[in-house]
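**Q** Structure below; questions to follow.
The values are calculated or read from the model by the stated rules, or taken from the named source; none is laboratory data. Model, not experiment: these values are computed from the prediction. Virtual Cβ from ideal backbone geometry, glycine too; neighbours counted across all protein chains shown. Each accessible area value is taken on the protein alone, full model and side chains, heavy atoms only, with ligands, DNA and RNA left out. Shrake-Rupley method; radii C 1.70, N 1.55, O 1.52, S 1.80 Å.
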Amino acid sequence: MAKLKEECGVFGIFGNAEASNLTYLGLHALQHRGQESAGIVTSDGVNLHNHRQMGLVSDIFTEDILSRLPGTNAIGHVRYSTTGSSQDKNMQPIVINYFRGALAIAHNGNLTNARTLREELEGDGAIFQSTTDTEVIVHLIAKSKEETLIQRIIESLTRCKGAYSLMFLTPEVMIAARDPYGFRPLVMGKLGDSPVFASETCAFDLIEAEYIREVEPGEIIVVTQNGTESFKPFGEVPHAHCVFEYIYFARPDSFLTGRNVYQVRKALGKQLAIEHPAEADIVVAVPDSGVPAAMGFSEQLGLPLELGLLRSHYVGRTFIEPQQSIRNFGVRLKLNAIREVLNGKRVVIIDDSIVRGTTSRKIVKMIRAAGATEVHMRISSPPTKFSCYYGIDTPLKEELIANSLEIDEIRKYITSDSLGYLSLDGVMKAVDETKRRENGESFCSACFSGRYPVELTDQKKVKHKQLGLFGG
Ligand code: AMP
């Protein structure tokens, strides 16, 4: 059974006549967090209106569709998932009509006890429409006997374990919530008098909203016509901000917990150069993810940074390869080597991570084929040995090359002359962990260390009995 894989972005705005248009723009800026489907739900004060579709934000939301999303309040969602869980029925925001009215919810993250809760809810007669963990939250809220919506949300989230950055919308109210560990980002801003929320600050830049602060881990913010109110209903726990957001996932122009992602990535590259320098003529990045680290690496060693690999930005997820005879372009569809840059050179090639090892292997071959005399691979993160269960799409542990092979075996597999990974200490230096710990900030690095800050309730059960509840 493949594991449930999700990466997502959320957005919300309250009290603005352009709510649907601004949400469209916000989602556009968050497109890197999910390219499979997108959705917007608006409220006109009485009803919710929604449009969700598979595809990219700019393809889905035409002027006509946006004009059919009236109201001054809106939430939105972009979603990326793979294999069986990528279906129409799993698109978000989820919208329900239950006896208390309409409710929409958009979720970034993964619950680690969704399967357990779902079994319990189904045992009580609940009928699920999707295979997402988000629907579990909806059922818990609908079932709650608490009097107010905020109490029902608090009661439900108290039962949920794992990672969630959430936006809720009812006809009258918008609510933002972040799990007590703060795994996934969620920031708050202001556009005129309108409160806005987004997974990343880059969404605020596009709509010219002012960044105010992070939604704090464990915080629930309720927005009504009377203003905003903050609740901290959960006990304090050590924060566990995802370090992979800094390494790969977030956009370099975003700020996470007050630090610019590009600058952290550059610092990762500098640290990598200190730990694993290379005798080489040029530094080349794997675009786009390796670019900032390659800049830091080249600056640290005083080696020239060259554009040795070019990326096509037009390879969509639905690209159909033509007939068999010209199939298997593999990585060449996305990347091409520039021979004039690489020929006769000793090359250091920088990427942010190795997952299965297939990309690196193809890139090394491509660079050699372009005439490089030596290829030295440098990775601006530690070996990815463990799966993420908190909302980053990683394959099962068994498929991670670093889970079964030692570094020199990986080097042989990818056929490079040398291979160096940044240490976990090096990563923590680059994110300024020591200084941040003094401010109560700490990180989740489970994909590298195997130390999972929140219990993997469902995973334990899978070991005992193989359930196929989540399909895919
Ligand atoms: P692989 O070929 O499986 O080793 O994939 C490595 C490449 O995937 C690297 O270039 C990374 O930038 C990229 N990558 C790492 N993590 C992810 C992720 N969660 N989703 C998509 N791409 C990723």
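**Q** Considering every residue within the stretch 331-344, establish whether at least one is at pLDDT below 95 and charged (D, E, K, R).
**A** Within the stretch 331-344, one or more residues are at pLDDT below 95 and charged (D, E, K, R).
**Q** Six or more apart or on different chains, Cβ under 6 Å: which pairs go from a residue in the stretch 379-398 that's open to solvent by 20 Å² or more (accessible area, probe 1.4 Å) and in a loop (DSSP other than H, G, I, E, B) to one that's among the aromatic types (Phe, Trp, Tyr) and more than 8 Å from the ligand (Cβ to nearest atom)? Could you list them?
**A** Filtered contacts from the stretch 379-398: PRO383/TYR421.
**Q** In the stretch 418-439, what residues are open to solvent by 40 Å² or more (accessible area, probe 1.4 Å) and either on the phi > 0 side of the Ramachandran plot or in contact with a His (Cβ under 6 Å, 6 or more places away or on another chain) (or both)?
**A** ASP432
**Q** Just checking, which of ILE247, ILE274 is surrounded by fewer than 19 Cβ atoms within 10 Å (Cβ to Cβ), assigned to a helix (DSSP H, G or I), on the phi < 0 side of the Ramachandran plot and touching a residue at least 24 places away in the same chain (Cβ under 8 Å)? I'd like the intermediate steps shown before the answer.
**A** Details: ILE247 fails: surrounded by fewer than 19 Cβ atoms within 10 Å (Cβ to Cβ).
From the options ILE247, ILE274, the qualifying one is ILE274.
**Q** Additional query: Can you name the residue in the stretch 347-359 that is within 6 Å of the ligand (Cβ to nearest atom) and outside any loop (DSSP other than H, G, I, E, B) and, of all such residues, is farthest from GLU399 (Cα to Cα)? Break it down stepwise before answering.
**A** Initial filter on the stretch 347-359 (within 6 Å of the ligand (Cβ to nearest atom)): 351-359.
In the following step, the residues that additionally are outside any loop (DSSP other than H, G, I, E, B) were identified as 351, 358-359.
Details: ASP351: 19, THR358: 11, THR359: 14 Å.
Per the stated criteria, the residue is ASP351.
**Q** Quick test for you: out of ALA372, ALA402, pick the one residue that is more than 16 Å from the ligand (Cβ to nearest atom), crowded, with 18+ Cβ neighbours inside 10 Å and assigned by TED's automatic domain parsing to the domain that holds GLY290.
**A** That would be ALA372, the only listed residue that is more than 16 Å from the ligand (Cβ to nearest atom), crowded, with 18+ Cβ neighbours inside 10 Å and assigned by TED's automatic domain parsing to the domain that holds GLY290.
**Q** For the stretch 173-208: of the residues being in a loop (DSSP other than H, G, I, E, B) and under 15 Å from ILE75 (Cβ atoms), which is most open to solvent (accessible area, probe 1.4 Å)?
**A** Step one: filter the stretch 173-208 for residues in a loop (DSSP other than H, G, I, E, B), giving 173, 179-186, 192-193, 199-201, 208.
This time we only want the ones that are under 15 Å from ILE75 (Cβ atoms), so: 173, 186, 199.
On the way: VAL173: 27, LEU186: 1, SER199: 1 Å².
Across the stretch 173-208, the extreme among qualifying residues is VAL173.
**Q** Related question: Would you point out the residue of the stretch 434-472, among those that are among the polar types (S, T, N, Q) and part of a loop (DSSP other than H, G, I, E, B), that is modelled with the lowest pLDDT? If you could, list the steps in order and put the result at the bottom.
**A** Of the stretch 434-472, the ones among the polar types (S, T, N, Q) are 434, 439, 442, 445, 449, 457, 459, 466.
Those left that are additionally part of a loop (DSSP other than H, G, I, E, B): 439, 442, 445, 466.
Details: ASN439: 74, SER442: 92, SER445: 97, GLN466: 41.
Restricting to residues being among the polar types (S, T, N, Q) and part of a loop (DSSP other than H, G, I, E, B), the top hit is GLN466.
**Q** With the requirement that a residue be of a type in the set (D, E, K, R) and either without any contact (Cβ under 8 Å) to a residue 40 or more places away in the chain or not assigned by TED's automatic domain parsing to the domain that holds VAL348 (or both), what does the stretch 277-302 give you? Write out each step before concluding.
**A** First pass over the stretch 277-302, keeping only residues of a type in the set (D, E, K, R): 279, 281, 288, 299.
Within the stretch 277-302, ASP288, GLU299 meet the criteria.
**Q** State which residue is surrounded by the most Cβ atoms within 10 Å (Cβ to Cβ) when the search covers only the stretch 133-162 and only residues that are part of a loop (DSSP other than H, G, I, E, B) and of a type in the set (D, E, K, R). Spell out how you get there, then give the answer.
**A** Applying the first criterion (part of a loop (DSSP other than H, G, I, E, B)) to the stretch 133-162 yields 133, 144-148, 160-161.
The next check asks that each one be of a type in the set (D, E, K, R); those that pass are 133, 145-147, 161.
Details: ASP133: 27, LYS145: 7, GLU146: 13, GLU147: 8, LYS161: 21.
Out of the qualifying residues, it is ASP133.
**Q** Another question about this same structure. Which one of the conditions (1) closer than 28 Å to PHE183 by Cα; (2) crowded, with 18+ Cβ neighbours inside 10 Å does GLY55 fail to meet, given that it meets all the rest?
**A** Answer for GLY55: the failing condition is (2).
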